[in-house]
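Heads up, the thing below is written out as structure tokens.
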Amino acid sequence: MTAGPLGIFGGVFDPVHFGHLRTALEVRELVGMDDMRMVPCRIPPHRDAPIASPQDRAAMLRIGIRGCEGLHLDERELQREGPSYMVDTLSSIREEEGDRPLCLVLGEDSFAGLYLWHHWQQIPKLCHLVVMTRPVDPRPTPPELRGLVEEHLAEDRASLCERPAGLVLPIKVTALGISATRIRVLLHRESDARYLLPEAVLNYILEKGLYGIKSEYGQTG
Ligand code: ATP
């Protein structure tokens, strides 16, 4: 295998915030990934529909990662009809990448629901799972996933480079108690959301009037 591991950071990104961006950058460096693909979903299968359109969420991501080496936007889920199943995304990336190690990066809150995902048992066959700590919503491993974690726990970060898929690596990242839900609530209440997300993303939200924000937002803040 020549290429280093490829990271896949899926999400709704409604909107993207520093909790996504800082952790993506840290995991990329800690694991030694050449590339981290940020993959916004079009229709999340397991939760309420996003507030912002897929185009706006992708645009905010593009703005958020601008100038950050190694983070790239991957829009394949936006181009697919129907619910955005991660197993389909991983299969299409696997087809393109041959036996390169693929690492699905997800917070522990998302990992705790993995057993509810479409064809979830295929996922560890397609990629490694890198599970980040998340202070907003820490979750114990549910019984349905204990076998996966116990039998496939990675010895260390380097072991992810030695095979294409199949390992689970818990990883400690800087604790950032930021969530998109909290940002949407702040914006809806006309409260100041600065310093939770990139200023350029906040400006985009303001220009487009997303999340019920009014044009006079921030003028007194
Ligand atoms: P919402 O509040 O709308 O549920 P969110 O902030 O959790 O959104 P998502 O787009 O759903 O954002 O998250 C994408 C991925 O990023 C998930 O795997 C999630 O666990 C992870 N993630 C989001 N915020 C953080 C954070 N602050 N620290 C670590 N991981 C995070």
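The values are calculated or read from the model by the stated rules, or taken from the named source; none is laboratory data. None of the values given here were measured: they were computed from a predicted structure. We place every Cβ from the backbone using ideal geometry, glycine too, and count neighbours over all the protein chains shown. Side chains are part of the model used for accessible areas, which takes the heavy atoms of the whole protein and leaves out ligands, DNA and RNA. Shrake-Rupley method; radii C 1.70, N 1.55, O 1.52, S 1.80 Å.
Scanning region 107-139 for residues that are within 14 Å of the ligand (Cβ to nearest atom), among the aliphatic types (A, V, I, L, M), under 15 Å from V168 (Cα atoms) and open to solvent by 10 Å² or more (accessible area, probe 1.4 Å) returns A112, V131, M132. Could you say whether any residue in region 156-172 is over 30 Å from S92 (Cβ atoms) and part of a helix (DSSP H, G or I)? No.
Checked against the criterion of being more than 9 Å from the ligand (Cβ to nearest atom), in a loop (DSSP other than H, G, I, E, B), assigned by TED's automatic domain parsing to the domain that holds G209 and without any contact (Cβ under 8 Å) to a residue 60 or more places away in the chain, region 174-189 has at least one qualifying residue. E190 passes every criterion in (1) open to solvent by 40 Å² or more (accessible area, probe 1.4 Å); (2) at pLDDT 95 or above apart from (2). R57 falls short of the stated requirement of being more than 16 Å from the ligand (Cβ to nearest atom), within 27 Å of V173 (Cα to Cα) and touching a residue at least 12 places away in the same chain (Cβ under 8 Å).
Answer yes or no as to whether P15 is under 16 Å from L90 (Cα atoms), more than 11 Å from the chain's Cα centre (by Cα), of a type outside the set (A, V, I, L, M) and more than 8 Å from the ligand (Cβ to nearest atom).
no
Residues that are among the basic types (K, R), assigned to a helix (DSSP H, G or I) and closer than 23 Å to P44 by Cβ do occur in region 190-208, at least one of them.
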